[in-house]
Amino acid sequence: MVKCRSCWLVLPLLIVTAAEPAWAVDYAVGPGQSLAAIADVPWESLAPGDRVLIHWRDTPYREKWVICRRGTADQPIVISGVPGPGGDLPVITGEDAVTPQALNFWNEERGVIKIGGANSPPDDLPAHIVIENLDVRSGRPPYGFTNDDGGQSTYTENAAAIYVEKAEHLIVRDCMIHDSGNGLFIGVNQGQTQDVLIEGNWVFDNGIEGSIYEHNSYTSALGITFQFNHYGPLRADCGGNNLKDRSAGLVVRYNWIESGNRQLDLVDGEDHPTVVNDPRYRETFVYGNVLVEPDGAGNSQIVHYGGDSGTLSDYRKGTLYFFHNTVVSTRAGNTTLLRLSTIDEHADARNNIVYVTEGDGYLALLSSDGVLDLSHNWLTQGWVDVHGTLDGVINDDLTGQEGLDPGFEDAPGQDFDLAAGSPCLDTATALPAAALPDHQLLSQYAVHRAALPRPVEGPPDLGAFERCSTTCPSADASVDPPQDSGTIPDPDSGVGPTPDSGTGDPDANEAGCACRSTGPPSSANLLLLLLLLLAGLLLLRRCRRWG
């Protein structure tokens, strides 16, 4: 009997196919690659699964383009930088950049890399797009570029390194975004922009001198999450905010956000009624972040929640869930934690550390309006309700602590891990019901742009970092965190806590402390594997019958 040998190869092949998407075409760009220039990529015809691999070279790519194609959930279109031998990312600069003649799109002056809105490729809603591992810079005046007609143009003040006109299922991760008007700009475009993840990026040095209207990032979408990003100061003499957002379904978690007019400016969805009418608009989740206010950094308010358009009916008028954040202000003079725009804005603040180095009497919790609920926070001694007149309400359940030292490992060195003996250890309360189960505290930020699983040891600690007496692994695969492998030369990377590279058992509990282990496979993946196994067995039976 002749056996069908090839049939025995089918089963593992099917399993591998289920585990990994089958990439359609790889377009490799750079020195020694099949394509010399980014313009050689067929941007007008990219298909699901295609990957554009832009290799590092010792000179910047002076090219700009539009992405207006659709991938799928299983086969996204990926534009990925390939780092150089020293770990440096490929540089995409808007300065003297050239647009490929095969492309034709509007608003060229608004960005270096544009997503959505074109004549060629045909206008479509880009979907399942991933942009990663690129250093994108210099989309602002006075820089100029060659447009798709071959003429010369100059960027507008509100130009961005990455400008998203519209997209759904978009990921921007592990990029360096700087030296532009807005570092990252995302428009909701009548509700078309949905499901956005901004992860593991270094966003800094953006803005326009003398202007308050350009920011490190300025976004509006239906469903957007910021996690594991490092936001640094804006350009000198630029008055914009660090992270400004007008989205529904906003989650800001596990980030390091330092400086800016405000660290967080979470205001009304003035762009389109789909934002205001989305049920997620009334709940905003901010947790596990480090928010740093240096001296002289613009506004003394850390977080603004509500609105700024003047159309009060469009203001958020919901709840800001603000928990397990570490807030540190070293500014001379007063610091205000929250500005709630009207009495209809509400904040639930629990399990936070708010440390003001000026000490007694310099921390206010509200600017004036709104309703603030306090529970189990550590606040700098002598805090006050407001520095002026309180027109809102503060409900304090008297479970908080106050003092002059929260017990960091090294506050001047920006190591905000909790030291042994800190009053913030083991004193947190339960999360608000609205945060569960989607916003459990599973991770914590690692300097810089990396993630650690948040340890579990008795009652949780206050703030963004949990102290653990045992070694935890450097990443939690169950949350798919970005890993900082040195591909972005961050001058702060030697300061503060660093990811642990230990190889210990993630489920170890030798000293009463454990790290969350990888979760089980999803039911959808298990079902797919079972179906493929069944198909393979049926094929084997048929092969035996034929043999």
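Only the coordinates and a few stated rules stand behind these numbers; no lab work does. Here the structure is a predicted model, which is why all the values come from computation and not from measurement. Glycine gets a Cβ as well: all are built from the backbone with ideal geometry, and neighbour counts include every protein chain shown.
Descriptive notes on the structure:
- Its convex hull of Cα atoms gives region 55-111 a direction-averaged projected area, equal to a quarter of the hull surface, of 5.4 nm².
- For region 352-405, the C-alpha radius of gyration sits at 1.07 times the compact-globule guess of 2.2 N^0.38 Å, with N the residue count.
- Volume per residue of the convex hull around the Cα atoms, evaluated for region 414-458, comes out as 113 Å³.
- Rg/Rh for region 215-261 stands at 0.98; both radii use Cα atoms, and Rh follows the Kirkwood definition.
- Beta bridge orientation in region 52-185: antiparallel %, DSSP, nearest 5: 10
- With Cα atoms defining each centre, region 307-372 and region 55-86 are spaced 39 Å apart in the structure.
- Rg(Cα)/(2.2 N^0.38 Å) for region 286-356, N = residue count: 1.16
- Residues Ala419 and Asn277, FRET efficiency given R0 of 56 Å [Cβ-Cβ distance, rounded to 0.05]: 0.75
- Computed Kirkwood radius, in angstrom, where 1/r is averaged over Cα pairs of region 16-106: 14.1
- Size of region 160-243: Rg and Dmax of its alpha carbons, in Å, are 12.1, 35.
- Counting every alpha-carbon pair across region 244-318, the share separated by more than 20 Å comes to 34%.
- Our summary of shape: the Cα atoms of region 339-478 have principal axis extents of 48, 34, 27 Å, ordered from largest down, in whole angstrom.
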